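Structure, as structure tokens:
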Amino acid sequence: MRAPRTIDLFAPADLPARNAPCPTVQPVAARSLSPRAIQPSRAPLWLGVHVPELSGEAQQGTPRSLLALAARAQRFTPRVSLAPPDGVLLEVRSSLHLFGGVEGLREALLGECAELKRTVALAFAPTPLAALVGARAERPFMVLDAAQLTGSLAPVPLTALRWPQESIERLACLGVRTIGQVLRLPRAGFAQRFGAMRLTDLDRLTGRANDPRERFEAPARFRRRRELSYESASHAQLAAALRPLLDELGGFLTARQCGVLALECLFWHRRHAPTRCELRLGEPQADAQRLVKLLDERLRTLVLPEPVRACELRAGLPVSRRLHSAGLWQPGERGGRAEASGVELIERLRVRLGDEAIETLELVPDHRPEAAWRRAAPGACAGAASAPPPQDGPGAQGARRKAPRPLWLLPAPRRLRQHDGLPRYRGALYLEGEPERIESGWWDGRDVARDYYNARDARGRRLWLYRERERPHRWFLHGVYG
Amino acid sequence: MNADSPRPGVAPSRPQADPRLERLLAHPALWRAGAATRAPVWPSGFASLDEGLPGGGWPRSGLIEILPARFGQGELQLMLPALAALTARPEARWCVWVKPPLQPFAPALATAGMVLARVLIVRATDRGRRPAALWAFEQALGSGACDSVLAWARHAPIRQLRRLQLAAQRGNALGVLFRPRESARENSPAMLRMALEPRRGGARVTLLKSRGGTLRALDLTWEAIRREPLEAS
């Protein structure tokens with residue numbers, strides 16, 4: 001799961017500071033753009049949350065429990081940022097008065113974390129990095145005024161900065177073990193020895209450089225319930241009742257430029273357990289009209305045990321959607337591609353007939369007729385397959401064979417009666433041409449050893465028969481030329 | 001319409017025609033009965049068949065019916081060259097097979113030149129009152145995502161056929177309905193209806209209904225298939 005993020009537009013721009021070529025010039029550039037100069041209101045106050053349990057885990061992406069914590073933290077402020085793998089940052093200056101000051105907010109947040117069964121360390125600081133470092137320091141850290149920040153950071157060990165181990169060790173060799181000591185080093189020399197990034201870290205820590213943070217946005221799911229004014233079991237009425245919900249869902253998804261891949265409808269009854277009706281889509285979908293159509297088809301096949309009192313729509317997780325632009329040409333015209341309605345058709349057929357009812361065919365390089373093809377799911381996008389695939393793959397070698405093949409294959413070979421050693425199928429059969437021997441498959445247990453014949457029946461149909469090579473030499477019908 | 005009347009859709013060739021008459025006939029304000037029914041067509045792949053079909057091929061949109069005496073007498077072979085050419089176009093749409101009676105054999109289709117990635121097979125099982133196969137047939141025809149749709153039906157009420165014909169025109173698709181020979185007695189709104197009898201190495205096609213064309217019998221041989229890429233419309 002990946003949370004969509006946006007850059008926090010309210011954070012002051014830091015481009016001049018970040019792009020400054022020479023670190024020695026940087027403080028001047030940063031000071032001219034200091035947050036206080038830009039923000040007319042009060043300076044920000046960051047609350048750093050450190051979850052020690054997550055620190056050791058070296059895992060890909062953001063841990064799920066951190067996302068849950070960030071989602072809970074949105075109760076306190078809209079400006080929540082993730083600091084993976086084990087930190088969350090909240091900008092709380094404007095929320096302080098709502099929660100009874102720093103102490104009240106702290107208590108409330110600790111309560112939320114207790115509900116999530118997480119022990120956390122909290123720290124308040126005027127810069128986000130200082131709040132994180134303070135929380136990691138595992139001692140009470142609360143700095144509300146920027147003027148006290150440097151002094152309060154001084155005793156914090158350097159390891160809280162999470163610099164590379166090699167830098168920490170080199171600094172330790174110099175006798176530098178705390179943040180206060182490193183802040184006293186000459187700037188130019190420090191940048192030269194340890195890199196400009198380390199100096200930028202220090203500037204961000206003390207508020208000399210701006211530190212923009214990506215804002216966390218919780219992935220929201222759509223869920224609406226509607227009580228019917230009368231109990232109904234009619235599909236048309238249920239579809240009509242769901243329509244406004246779907247319209248709302250369409251608006252919800254459009255605003256986020258997202259689509260859903262799965263929808264679930266619940267129909268609540270008086271006595272029975274609610275009936276579930278699931279809809280799975282081929283591609284992320286946000287078009288309410290199309291959803292209405294698909295759901296309408298699905299409802300027709302739904303069996304309700306009892307009239308419905310209320311219906312509820314639960315959308316799956318919104319996923320980002322590829323936006324299509326309408327083509328200049330009509331589909332099928334010159335230059336027009338097979339368009340997305342190919343997907344729409346497949347979805348509609350699937351909804352009504354079941355997922356397995358729609359398939360396409362693929363060649364398999366095998367000599368046995370029953371193993372020379374397989375069923376495949378149709379391509380997700382009709383346009384993707386519009387270029388004909390090259391026909392010279394391994395499967396096409398069988399196709400290019402000279403021996404004729406029937407257009408129809410029987411689902412299973414059909415045993416034929418015999419008369420004087422010759423097969424009969426609704427009358428006598430006339431064998432034509434030379435037999436073709438197919439002997440293959442000893443390696444996978446479906447060994448065949450057959451002599452295939454073309455035959456013509458009394459009505460002029462061409463059939464494809466085989467005779468088993470082994471005793472008792474039975475005859476089977478396997479294909480029809482059509 | 002007797003046999004001497006000019007075949008619609010095919011430019012009448014009369015070497016001794018009066019040039020003044022030709023000029024008059026070329027006038028845009030003049031409508032001729034045959035030309036009025038001319039619709040765009042796909043070549044069938046059989047020269048003798050193209051000659052006998054109105055417009056010179058299978059209609060690009062509309063319903064046609066093929067009535068073989070028995071299943072498997074060459075009715076699919078008859079459609080195959082056109083279907084293969086349709087799927088091989090770069091702008092090809094789906095070629096849908098609704099509830100085929102047996103398993104279409106992929107290697108044979110590939111040998112005939114069909115692009116299998118464009119073939120869609122629908123296995124419809126009836127649920128409820130309305131037959132699922134005819135419903136799927138109509139959906140595919142009207143969707144605009146298909147070049148050709150094939151279906152097999154024993155009984156098809158004329159109201160249903162009318163809906164299919166309209167859906168095919170709406171979706172700009174060629175609908176092919178394979179029905180038993182007995183259905184020839186029933187009425188049908190299809191554009192073309194043809195009976196099929198097997199001949200040695202080919203088939204005899206008898207046109208039972210041909211909108212804008214003449215009714216006649218044509219002999220085909222399977223060897224005489226022309227394979228050429230289709231011109232885009």
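A few points about this structure:
- Applying both filters, DSSP loop and at most 15 other Cβ atoms within 10 Å, to the GluC sites (Glu not before Pro) of the stretch A:88-182 gives A:GLU138.
- Note on B:LYS209, B:LYS99: ascending count of other Cβ atoms within 10 Å places them as B:LYS209, B:LYS99, the fewest first.
- Cα-derived Rg to Rh of the stretch B:42-224, Kirkwood definition: 0.93
- Amide H contacts of A:GLY479 (H built 1.01 Å from N, under 5 Å, at least 5 apart or other chain): A:LEU410, A:TRP464
- In the stretch A:230-323, the trypsin sites (Lys or Arg not before Pro) that fall in loop regions by DSSP, at most 15 other Cβ within 10 Å: A:ARG270, A:ARG271, A:ARG322
- Put in order of Cβ neighbour count within 10 Å, fewest first, the listed residues B:THR214, B:THR125 become B:THR125, B:THR214.
- Near B:LEU120, the amide H atoms lying under 5 Å from its own belong to B:CYS95, B:VAL96, B:TRP97; only residues 5 or more places off or on other chains count, and H is placed 1.01 Å from N.
- The stretch A:222-278-the stretch A:457-482 distance, computed between alpha-carbon centres (Å): 55
- Near A:HIS269, the amide H atoms lying under 5 Å from its own belong to A:THR275, A:ARG309; only residues 5 or more places off or on other chains count, and H is placed 1.01 Å from N.
- In sequence order, the stretch A:347-354 has phi-based couplings of 4, 5, 5, 5, 4, 7, 9, x Hz under the Karplus curve 6.51 cos²θ - 1.76 cosθ + 1.60, θ = phi - 60°, and Gly or Pro positions carry x.
- Checking every one of the trypsin sites (Lys or Arg not before Pro) in the stretch A:413-482 against DSSP loop status and a limit of 16 other Cβ atoms within 10 Å picks out A:ARG426, A:ARG446, A:ARG459, A:ARG469, A:ARG474.
- For the stretch B:59-109 versus the stretch A:129-161, the spacing of their alpha-carbon centroids is 76 Å.
- Distance between the pseudo-spin-label points of A:ARG162 and B:ASP126 (7 Å out from Cα toward the beta carbon): 6.6 nm.
- Residues A:SER81, B:SER48, arranged from fewest to most other Cβ atoms within 10 angstrom of their Cβ, appear as B:SER48, A:SER81.
- ³J(HN,Hα), Karplus 6.51/-1.76/1.60, whole Hz, each residue of the stretch A:140-156, x for Gly, Pro: x, 9, 9, 10, 9, 10, 5, 5, 8, 5, 4, x, 6, 6, 3, x, 6
- Remark: the stretch A:70-84, residue by residue, has Karplus-estimated 3J(HN,Hα) of 5, 5, 5, 5, 5, 5, 8, 7, x, 9, 10, 10, 8, 10, x Hz, where x stands for each Gly or Pro and the curve is 6.51 cos²θ - 1.76 cosθ + 1.60 at θ = phi - 60°.
Each reported figure results from applying straightforward, stated rules to the coordinates on display, with no laboratory input. Nothing here was measured: the structure is a model prediction, and the numbers come from that model. With ideal geometry, Cβ positions are generated from the backbone for all residues, glycine too; neighbour counts draw on all protein chains shown.
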